[in-house]
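S.K.: Have a look at this one before I ask anything.
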Amino acid sequence: MRYNCWEPGYNVKKPTEVDFLVLGKRVKVLLAAALALSSVAMVVPIAPAAGGAHAPIGLSVGFPTSSAGGCLKLTWRVDDPESVGGYKIYRSTKAGSDFKEVFSGPVDTRLDRMEYVDTGLADGATYYYRVTVVDKTGKESAPGNTAKGTLPKRKARVAGGYPGKHIILSIADQRAWFLEDDVLVKTHLISTGTTSHPTPMGVFSVEYHEYCAVSVLYGGVYCYWWMGFAPDTGMHALPYDPKSGTWTSASCLGHRASHGCVRQAVADAEWAYRWAPNGTRIDVIGEHWNYVPPPPPPPPVKGGHASRGIDQNSTDWYFAEGCTSGNFSEYICMMNPMANTANVNAQYMKPDGSVVGASYAVQPFSRYTISVGDIGGLESTEVSTHLSSDQPIAAERSQYFFDYKGKDGGTDSAGVTAPGKTWYLAEGYTGGDFDEYILVQNPGANAGTVHAQYMKPDGQTLDFDYPIKPTSRLSLHVDDIPELLNTDVSARITCDQDVVVERAQYFNYYGKDDGNASAAVEAPAKTWYLAEGYTGGDFDEYVLIQNPSADAGKATVTFMCSDGMNIEKQYDLLPKSRFTIHVDDIPELACKEISTKIEADVDVIAERSMYFVSYNRPGGADAPGVTTPAKYWYLAEGYTGGDFDTYVLVMNPNSEAVKVDVNYLLPGGGIKTASYDVAANSRYTIQVDSIDGLTNTEFSTALTGDKPIICERAMYFSMPRK
């Protein structure tokens, strides 16, 4: 039975195998590999003491086959092994003085090569060693040569051992438990030390691995799958006697029978050796231990969100919505598509009018994320945001939440570039398990009065006034208005001060709980485009049209499918009303990817909302339309890590095909490029997670079409509840 510890990664010739001692146990090791790893300084051996054992020969210092650090392996030879009854190790941090004994142990061997592993050493330090042997009458030899070993510098090790993995050894139970993240992976019987040779108790860690250690102290048996965790102590397989070719009986398992090590069945020892890396924590306890399963992890937060693209970068961005209280997490995502660093100043405005400031440097051609709740003074609050940059950037805000009135999910919205006195929101609903909020940000220094006009499907309107403080955020819970219970509703918000307006909704739509958010639009128009839309699977799509004028009108709606099919429908619009199209109800549009063009004979506002189950992720999303196609589009948010899926949706409203070039901007400034051909009058979907180099990363997206296009981004996610 031979043990070859030569590693193919070592740049040495395959050497001759030799016998080594490991903490008093013998192994077969490749000599050249050991020498290649060692840093040795030798002096002329000292003559043996009169009448005593001969001094050790050829002391060298190297490293174990693998270790968690802080270990040096000493090897030496003796010329008369039959006379050797023990040995002593002396160590110093100086080359010629201050040597102190650090180990003394007995030996019962006929082998001429010995070895010892010194543990608990400081990484990056240099140590000097001398070894003596003691004959069977107790006389100690003179030391042999002095040898030097230097430990490499390593990164700081994790306190408490290898993260996630943990071994518990109970002497009372004679059993081992193997845990990962506190979940039981395996348990099996062991045999620990007898009363006269006890296994040390306490908290340890796996210091090094050896495939086979040969015990020269206990008759030359082989101890396979060795994991050293204390001086002269390890976990290993049942001892194997090479003379008889037999294993120690497994009947010892469940009883205290070893000389201090921890014996295991052979298959169990091999499993443990491969499962536990160096650094794994080991607790040796004397008492009984019962495994108590941890509580099941809470369900993940699932949902989705969408955002229209940004066709013009800006030096100013405003977000009316934002929350870090309760179980809400808020992020501001900034994209710098310019060649210069963008220096961004942020003002975070709270409901009481107080302001928290911060500044950021966004590298050229990169994406930058702010975790708002990590900012001092914003740990638990509603908040609006104003970003001011010295370079044009694009910006979005995303939020994730759980257990908000029994709902989990996330929202996202692009910001707006300037406050104004009039804003429109086409979408809104207070029926069933829907909560609708309108958020108003006043970034100015003067108080104002907000006027809200709510428009119902039947043309009925309701008007309310609300005071707003300077540099503050105002929240309106639309469900609290009795006349607006259980209804579709659009809103027109005006103020005597320049303000910013958003709408947020939290809902459970036929078992699909989530939220959505959207910035209001400043002005109605006769033409609107919506790049995203889907009616397949468990998706419900709605197109929402607000007519804020006093005149009735007609809307011609063209649905453009990814297969090139176009369907045109016409709808009547009441004055000062909200109109809803359930796209799934149109038979020709069943199970289709869809972009939408709305053309009206009166000025209107259009949004699209969707409710879905996407790969077991229930949720909903919303985004306003855009009024004009453009050649350049920007999307600040994007993520492909974990269980996130990001899609970029491109609408080509032209009668000719369009080539679209895309730059994906990564944190730190990396860029990934791609090109796509989008057929005339059609919709095209890019699944970003499937692109090489864009897995498990944050990113922003810049699109350029050779003809004007429209783009949006949709994301679906499942994330830990924290």
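The values are calculated or read from the model by the stated rules, or taken from the named source; none is laboratory data. Worth saying up front: this structure is predicted, and the values here are computed from it rather than measured. Positions of Cβ are generated from backbone atoms using ideal geometry, with glycine treated the same way; all protein chains shown enter the neighbour counts. To get the accessible areas, we keep the full protein, side chains included, count just its heavy atoms, and leave off ligands, DNA and RNA. Shrake-Rupley method; radii C 1.70, N 1.55, O 1.52, S 1.80 Å.
S.K.: Where in region 370-425 are the strands (runs of 3 or more DSSP E), entirely inside, with at least 2 residues that are surrounded by fewer than 21 Cβ atoms within 10 Å (Cβ to Cβ) and acidic (Asp, Glu)?
M.R.: Output list reads 384-404.
S.K.: Limited to region 639-670, what total is found for residues that are closer than 13 Å to Cys711 by Cα and among the charged types (D, E, K, R)?
M.R.: 1
S.K.: Which of the residues that make up region 570-579 are more than 44 Å from the chain's Cα centre (by Cα), buried (at least 16 other Cβ atoms within 10 Å of the Cβ) and not polar (S, T, N, Q)?
M.R.: Tyr571, Leu573, Leu574, Lys576
S.K.: Can you tell me how many residues within region 306-330 are touching a helix residue (DSSP H, G or I) at 6+ places or on another chain (Cβ under 7 Å) and open to solvent by 20 Å² or more (accessible area, probe 1.4 Å)?
M.R.: 1
S.K.: Here is a further query. Taking only region 68-103 into account, find how many residues are touching a residue at least 24 places away in the same chain (Cβ under 8 Å) and either open to solvent by less than 50 Å² (accessible area, probe 1.4 Å) or closer than 23 Å to Gly228 by Cα (or both).
M.R.: 24
S.K.: Let me ask another. Of the residues Glu712, Glu656, which is under 19 Å from Ser413 (Cβ atoms) and not assigned by the TED database to the domain that holds Thr411?
M.R.: One residue alone meets the criteria, Glu712.
S.K.: Ok, one more. Just give me the residues in region 339-355 being hydrophobic (A, V, I, L, M, F, W, C) and closer than 16 Å to Phe319 by Cα, in sequence order.
M.R.: Val344, Ala346, Met349, Val355
S.K.: Could you count how many residues in region 369-419 are over 20 Å from Lys350 (Cα atoms) and charged (D, E, K, R)?
M.R.: The qualifying residues number 5.
S.K.: Another one. Would you confirm whether or not region 486-495 contains a residue that is open to solvent by 10 Å² or more (accessible area, probe 1.4 Å), touching an Asp or Glu at 6+ places or on another chain (Cβ under 8 Å) and over 29 Å from Arg367 (Cβ atoms)?
M.R.: No, that holds for no residue.
S.K.: Taking the criterion of being surrounded by 24 or more Cβ atoms within 10 Å (Cβ to Cβ), outside the structural domain of Asp433 (by the TED database) and part of a strand (DSSP E or B), would at least one residue in region 580-592 satisfy it?
M.R.: Looking through region 580-592, none of the residues is surrounded by 24 or more Cβ atoms within 10 Å (Cβ to Cβ), outside the structural domain of Asp433 (by the TED database) and part of a strand (DSSP E or B).
S.K.: Could I ask something else about it? Applying the selection to region 528-548, what residues are open to solvent by 30 Å² or more (accessible area, probe 1.4 Å) and either assigned by the TED database to the domain that holds Ser413 or not in a strand (DSSP E or B) (or both)?
M.R.: Gly537, Asp538
S.K.: Taking the stated definitions as given, is Ala358 among the small types (Gly, Ala, Ser) and either open to solvent by 40 Å² or more (accessible area, probe 1.4 Å) or within 16 Å of Gln441 (Cα to Cα) (or both)?
M.R.: Criteria not met by Ala358.
S.K.: Within region 258-275, which residues are within 12 Å of Trp226 (Cβ to Cβ) and of a type outside the set (S, T, N, Q)?
M.R.: Those that are within 12 Å of Trp226 (Cβ to Cβ) and of a type outside the set (S, T, N, Q): Cys261, Val262, Arg263, Ala269, Glu270, Ala272, Tyr273.
S.K.: Which numbered condition trips up Thr471, out of (1) over 37 Å from the mean Cα position of the chain (by Cα); (2) under 26 Å from Gly357 (Cα atoms); (3) of a type in the set (Ser, Thr, Tyr)?
M.R.: (1)
S.K.: Sticking with this one: Are any of the residues in region 161-180 closer than 27 Å to Leu111 by Cβ and over 37 Å from the mean Cα position of the chain (by Cα)?
M.R.: no
S.K.: Further question: What tally of residues in region 549-579 results from selecting those that are β-branched (Val, Ile, Thr) and not in a strand (DSSP E or B)?
M.R.: 0
S.K.: For the subset of region 631-676 comprising residues that are under 26 Å from Ser614 (Cβ atoms) and among the charged types (D, E, K, R), which member is least open to solvent (accessible area, probe 1.4 Å)?
M.R.: Looking at the filtered set, the residue picked out is Glu637.
S.K.: Would region 176-188 turn up any residue that is among the aromatic types (Phe, Trp, Tyr), buried (at least 18 other Cβ atoms within 10 Å of the Cβ) and at positive phi?
M.R.: no
S.K.: Answer yes or no as to whether Thr673 is closer than 19 Å to His305 by Cβ and out of contact with any Ser or Thr (no Cβ under 6 Å at 6 or more places or on another chain).
M.R.: In short, no.
S.K.: Scan region 445-482 residue by residue and report those that are open to solvent by 50 Å² or more (accessible area, probe 1.4 Å), polar (S, T, N, Q) and farther than 27 Å from Ala550 by Cα.
M.R.: Asn446
S.K.: Then there is this: Contact list please: Cβ distance under 6 Å, first residue in region 698-722 and in contact (Cβ under 8 Å) with a residue 40 or more places away in the chain, second residue outside any loop (DSSP other than H, G, I, E, B) and among the acidic types (Asp, Glu), pairs at least six apart or on different chains.
M.R.: Thr704/Asp661; Tyr716/Asp645; Ser718/Asp643
S.K.: Here's another thing I want to ask about it. Specify the residue that is nearest to the chain's Cα centre (by Cα); the eligible residues are those in region 319-349 that are in a strand (DSSP E or B) and of a type in the set (A, V, I, L, M).
M.R.: Checked region 319-349; the qualifying residue nearest to the chain's Cα centre (by Cα) is Ile332.
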